[in-house]
Amino acid sequence: MLLDQIRSVTTAAPLFVPRMPRTGKEMSVRMTNCGPLGWVTDKTEGYRYQKSHPETGKDWPPIPDLLLDLWKTHSDFPKPPQACLVNYYEPAAKMGLHQDRDEEMFEAPVLSVSLGDTCLFRIGGENRKDPTKSLKLASGDVILLEGAARLAFHGVDRIYPATSTLLKRPGRINLTLRRVSR
Ligand code: SIN
Ligand code: FE2
């Protein structure tokens, strides 16, 4: 099942602590990637996609078939995703409002899969100050950021511990599939 495939990914490419550009402040999520490219961030080089893990130096493992199938089923984009960011949220972790805009183009959607504990997800418009709506994302939920929502500000305000028994540890995994270049 999908979770087993994600465990293989985190074995090959261990979760790392991402740091904010310039300040070097630790983000509260732990992350890794699979696919030809992975999204990383650190103090000196900031947000970017690169082909290898920042700590092991190894290429990222391939994107699991089940995720490639989800992309084929739910996205209209003709080419496969190039990156799958794996975010692990401990119960106290969150993610501030941001846009996904490190890709070279925005025609392809971002497909998100949630596993484990439910979270409170917030999404607004293309400007940071646009009004936002909150919704709960539960284990198994798939959302697409596409069309007008592709560049919408979004973030995770909280995790609701013990709302799922899927994971061995409390917390939430989010997978986002991205096409980086045309
Ligand atoms: C993200 O924006 O990278 C993650 C969103 C989520 O965890 O649902
Ligand atoms: Fe995002």
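Structure data summary
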item	result
Considering residues of the range 73-111 that are part of a strand (DSSP E or B) and surrounded by fewer than 15 Cβ atoms within 10 Å (Cβ to Cβ) only, the residue nearest to ligand 1 (Cβ to nearest atom)	His98
Residue check for Val17: of a type in the set (A, V, I, L, M), under 27 Å from Leu166 (Cα atoms) and free of Cβ contacts under 8 Å to residues at least 24 places away in the same chain	yes
Near pairs, Cβ below 6 angstrom, 6+ apart or cross-chain, from the range 1-13 (under 16 Å from Ala83 (Cα atoms)) to any residue that is among the hydroxyl-bearing types (Ser, Thr, Tyr)	Thr10/Thr32; Ala13/Thr32
Residues within the range 125-139 that are within 13 Å of ligand 1 (Cβ to nearest atom) and surrounded by fewer than 18 Cβ atoms within 10 Å (Cβ to Cβ), tallied	4
Condition met for Arg7 (within 15 Å of the chain's Cα centre (by Cα) and within 12 Å of Tyr88 (Cβ to Cβ))	no
Tally, over the range 168-179, of residues that are away from ligand 1 (no atom under 14 Å from the Cβ) and surrounded by 15 or more Cβ atoms within 10 Å (Cβ to Cβ)	2
Whichever residue in the range 65-75 is without any contact (Cβ under 8 Å) to a residue 40 or more places away in the chain and not basic (Lys, Arg) and, among such residues, is nearest to Arg30 (Cα to Cα)	Leu68
Filter pass, Thr56 being modelled with pLDDT of 95 or more, of a type in the set (Val, Ile, Thr), surrounded by fewer than 15 Cβ atoms within 10 Å (Cβ to Cβ) and not in a loop (DSSP other than H, G, I, E, B)	no
Residues of the range 1-35 classified as part of a loop (DSSP other than H, G, I, E, B) and surrounded by 18 or more Cβ atoms within 10 Å (Cβ to Cβ), total	4
Output for the range 157-182, where each listed residue is within 15 Å of ligand 2 (Cβ to nearest atom) and under 26 Å from Pro36 (Cα atoms)	Arg172, Ile173, Asn174, Leu175, Thr176, Leu177, Arg178, Arg179, Val180
Residue in the range 120-135 that is in contact with a Leu (Cβ under 9 Å, 6 or more places away or on another chain), within 13 Å of ligand 2 (Cβ to nearest atom), charged (D, E, K, R) and farther than 22 Å from Ser8 by Cβ present	yes
Out of Ile159, Ile143, Ile123, sole residue that is in contact with a helix residue (DSSP H, G or I) (Cβ under 8 Å, 6 or more places away or on another chain) and either over 22 Å from Arg48 (Cβ atoms) or at pLDDT below 95 (or both)	Ile123
Residue under evaluation Arg122, criteria (1) under 25 Å from Asp69 (Cβ atoms); (2) within 11 Å of ligand 1 (Cβ to nearest atom), criterion not met	(1)
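The values are calculated or read from the model by the stated rules, or taken from the named source; none is laboratory data. The structure displayed is predicted, hence computed values, not measured ones. Here the Cβ is made from the backbone with ideal geometry for all residues, glycine too, and neighbour counts use every protein chain on show.
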